[in-house]
Amino acid sequence: MILPNTKATFIRLTLLLPLLLLVQKSYAKIRLPALFSDNMVLQRDTTVNVWGWGDPGEQVQLVASWNPTDTLETAATRQAQWKLQLKTPAGPGPYSITLKGSNTITLNNVMVGEVWIASGQSNMEWSASAGITNKEEAIENAKNANIRFFDVPRTSSQYPQDDVDAKWVESTPETMSSFSAIAYFFGEKLNEELDEVPIGLIGANWGGTPAEIWMPEKLFTTNDSLAKAATLLKEEQWGPSEPGRAYNGMIAPLTPYTIAGVIWYQGETNTSNAPYYAHTFTNLIKSWRKAWNADFPFYFAQIAPYNYGDDFSGVEVRDAQRRSLAVPNTGMVVLGDLGDDNNIHPRNKLDPGLRFANLALAKHYGKNLLAESPLVDKAVQVSNNQVEVYFKNGKDLHYANKDRANAVFELAGNDMQFQQSDKIKITKDKIMVSSAIKNPKYIRYGWGNIAIPGIYNVADLPMSSFRVHIEK
């Protein structure tokens, strides 16, 4: 057996090592997450994060075409990560962004405008190609280079991810037809009302999923109510029910990206644990804001009437959503007049999209319009069998088409045995309700899974169902 010359071997390795490092370095490239691609939309008039990966110590430079004399520089950390903060103009574009490391990446057709996330379960996910009212007309008119989509694929993960498999595309009949219809109509209305500002829509949806999978799993290890709610979820074939799985795969990769806000349509699946939904949902909102480190607006749809096979699970979720408005900088679109008792996916997606847009225009963009439904403020006993109910957004309350059949109020004593009111009287922004119940303690309105709102405000927006305690 012949032993190698140890000294000679060491010398050869010493001489080869710099060459090996040089070869390795020559193959290193800076990389970007999928959110940074041609056709992307950046949030306007702010400072946004731009991040990616590269060799440890690799120098990274960025130049944006709206400010070509300003070069941003950083170096990748020993974890092979880098991040820059880029000031954006008022818009609109198109612009280009060039990044240089050992390689060069140029992003073209970049727009600067308003970026919104549209998330939830199937009603937010529902596309024109799946079937909506006036489908052909909506698809035909969908060509608009100022509206861009980034559609996150369904992804479940046990651990938080840092990237997704998606890309930005312009709105065309082909791309719009497979994107969230509600999100598209929302973006179209914003684009129109905000003087054609570019709109970036990030879709992150998964039909049939509960809220629990859309929030960080660690919340469930320290919160007994959240943990209990999660145990009541059924395991289904169409998606995960384990806490955090969609958050890890579909939301966590988005959290460094600067956004204007979120629109959300979800809750049908949580009829299985409805008593816990208000606590779950408010924690979801707070957890997203914490992840983004931003108090952005979070607007959500109150689920539409549908026959769930019981009496009250659907309306209990609706009331939980109404009570979730206690979280600051939130808003709710009421869809009680747009449901289908026998179809959990109503085909009218235009009106929900427009209501979301009007809500954003009024509450976030400062437009002067009433975009919120009547919401109960308080109920006060004024005699032994009469209750006066006061409302927010209750200007010029009126019956739908003068039909009082659906304006159903019920009162109850401490025994919670509700009886329908025998008389109601509307006076502008308040309602007097009379009942055979003496000294009632509780009042509810529209309390049923398939109850249709019977009262609207001056903007013809339907009143939300509610159940509240009566004050003396």
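The values are calculated or read from the model by the stated rules, or taken from the named source; none is laboratory data. Nothing here was measured: the structure is a model prediction, and the numbers come from that model. Please note: Cβ atoms are built from the backbone with ideal geometry, for glycine as well, and neighbour counts cover all protein chains shown.
Listing for the model above:
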item	result
Filter result for Gln420 (surrounded by fewer than 18 Cβ atoms within 10 Å (Cβ to Cβ), in contact with a Ser or Thr (Cβ under 9 Å, 6 or more places away or on another chain), polar (S, T, N, Q) and touching a residue at least 40 places away in the same chain (Cβ under 8 Å))	no
Residue within the stretch 372-390 that is in contact with a strand residue (DSSP E or B) (Cβ under 9 Å, 6 or more places away or on another chain), more than 21 Å from Arg322 (Cα to Cα) and aromatic (Phe, Trp, Tyr) present	no
Test: Leu226 is in the same structural domain as Trp288 (by TED's automatic domain parsing), touching a residue at least 12 places away in the same chain (Cβ under 8 Å) and in contact with a Leu (Cβ under 7 Å, 6 or more places away or on another chain)	yes
Residue within the stretch 233-250 that is free of Cβ contacts under 8 Å to residues at least 24 places away in the same chain, over 25 Å from Ala357 (Cβ atoms), surrounded by fewer than 22 Cβ atoms within 10 Å (Cβ to Cβ) and out of contact with any Lys or Arg (no Cβ under 8 Å at 6 or more places or on another chain) present	yes
Boolean, Ile259 is in contact with a Phe, Trp or Tyr (Cβ under 7 Å, 6 or more places away or on another chain) and farther than 26 Å from Arg318 by Cα	yes
Failed item, numbered, when Glu471 is tested on (1) over 15 Å from Asn393 (Cβ atoms); (2) surrounded by 19 or more Cβ atoms within 10 Å (Cβ to Cβ)	(2)
Leading residue by the ranking (nearest to Ser383 (Cα to Cα)) among those in the stretch 429-441 that are surrounded by 12 or more Cβ atoms within 10 Å (Cβ to Cβ) and charged (D, E, K, R)	Lys441
Matching entry among Pro328, Pro305 (being in a loop (DSSP other than H, G, I, E, B), modelled with pLDDT of 95 or more, of a type outside the set (A, V, I, L, M, F, W, C) and surrounded by fewer than 17 Cβ atoms within 10 Å (Cβ to Cβ))	Pro328
Counted residues, the stretch 334-393 - those being touching a residue at least 60 places away in the same chain (Cβ under 8 Å) and assigned to a strand (DSSP E or B)	9
The stretch 391-413 - residue that is acidic (Asp, Glu) and over 25 Å from Ala326 (Cβ atoms) and, of those, surrounded by the most Cβ atoms within 10 Å (Cβ to Cβ)	Asp396
Residue within the stretch 169-183 that is within 19 Å of Val41 (Cα to Cα), among the aromatic types (Phe, Trp, Tyr) and touching a residue at least 60 places away in the same chain (Cβ under 8 Å) present	no
Check on Glu188, outside any loop (DSSP other than H, G, I, E, B), of a type in the set (Asp, Glu) and in contact with a helix residue (DSSP H, G or I) (Cβ under 8 Å, 6 or more places away or on another chain)	yes
Evaluation of Leu17 against (1) modelled with pLDDT of 95 or more; (2) more than 34 Å from the chain's Cα centre (by Cα); (3) surrounded by fewer than 18 Cβ atoms within 10 Å (Cβ to Cβ) (one fails), failing number	(1)
Residue, farthest from Asn146 (Cα to Cα), within the stretch 78-101, restricted to residues that are touching a Lys or Arg at 6+ places or on another chain (Cβ under 6 Å) and of a type in the set (Gly, Ala, Ser)	Ala90
Members of the stretch 449-461 found to be farther than 13 Å from Tyr399 by Cα and out of contact with any Ser or Thr (no Cβ under 8 Å at 6 or more places or on another chain), listed by number	Ile450
Qualifying position, being outside the structural domain of Pro198 (by TED's automatic domain parsing), surrounded by fewer than 14 Cβ atoms within 10 Å (Cβ to Cβ) and either under 16 Å from Ser37 (Cα atoms) or not polar (S, T, N, Q) (or both), among Ala90, Ala64, Ala76, Ala80	Ala90
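So that you can scan it fast, the table gives a plain yes or no per residue for (1) closer than 30 Å to Pro440 by Cα; (2) touching a Gly at 6+ places or on another chain (Cβ under 9 Å); (3) modelled with pLDDT of 95 or more:
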site	(1), (2), (3)
Arg355	no, no, yes
Glu372	yes, yes, yes
Ala379	yes, no, yes
Asn385	yes, no, no
Tyr390	yes, no, yes
Leu397	yes, no, yes
Asn406	yes, yes, no
